[in-house]
Amino acid sequence: MVLLTAAVGTLMLLTRVREMRQKRVHPQAASTSVTMAVRFENVQPADNFRNLFEVPVLFYALASIAIATGFVPAWLTIGAWLYFALEVLQSIIHCTLNKVYQRLAVFVLSFGLLVGMWIGFFISLSSKNPA
């Protein structure tokens, strides 16, 4: 996930710099998201970069808690890789074709998977360590 975020961040930087040079936009003219939205056409990498700091934070938290508790069942590892694959697919769609229904379908799958992973983790952990 960190490498995906770095890749999208790099794509965002390259896209933004290229467009600023082509349109001769002074960096100060793009100092806020509002002024950037007015000046730039290709904002998908920036939008996707922001998205990678929203729901995936719950993924990072789950992974951290699982590692910290020493409870990382095999199904959680498989789920984590599947979640990562869905996030990669969502980023590819978002940064290229940007088809909303395709992005939505992948988002619903990844979000549902993540919620299921959280529920499964708590159920598994509580049955492993009864209170």
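Summary table
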item: Flag for Val72 being within 8 Å of the chain's Cα centre (by Cα) and among the hydrophobic types (A, V, I, L, M, F, W, C); result: no
item: Residues of segment 99-128 classified as of a type in the set (S, T, N, Q), open to solvent by 50 Å² or more (accessible area, probe 1.4 Å) and in contact (Cβ under 8 Å) with a residue 24 or more places away in the chain, total; result: 0
item: Out of Glu41, Glu54, Glu87, sole residue that is charged (D, E, K, R), surrounded by fewer than 16 Cβ atoms within 10 Å (Cβ to Cβ) and within 19 Å of Val2 (Cβ to Cβ); result: Glu54
item: Complete set of residues in segment 1-43 that are touching a Leu at 6+ places or on another chain (Cβ under 7 Å) and among the polar types (S, T, N, Q); result: Thr5
item: Residue list for segment 20-40, restricted to those being closer than 18 Å to Asn98 by Cα and out of contact with any helix residue (DSSP H, G or I) (no Cβ under 7 Å at 6 or more places or on another chain); result: Ala37
item: Filter pass, Leu76 being surrounded by 12 or more Cβ atoms within 10 Å (Cβ to Cβ), in a helix (DSSP H, G or I) and in contact with a Ser or Thr (Cβ under 7 Å, 6 or more places away or on another chain); result: no
item: Test: residue in segment 57-69 that is surrounded by 12 or more Cβ atoms within 10 Å (Cβ to Cβ), assigned to a helix (DSSP H, G or I), small (Gly, Ala, Ser) and at pLDDT 95 or above; result: yes
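The values are calculated or read from the model by the stated rules, or taken from the named source; none is laboratory data. Keep in mind the model is a prediction, meaning the values are calculated, not measured. Note that each Cβ is placed from the backbone with ideal geometry, even for glycine, and that neighbours are counted across all protein chains shown. Each accessible area value is taken on the protein alone, full model and side chains, heavy atoms only, with ligands, DNA and RNA left out. Shrake-Rupley method; radii C 1.70, N 1.55, O 1.52, S 1.80 Å.
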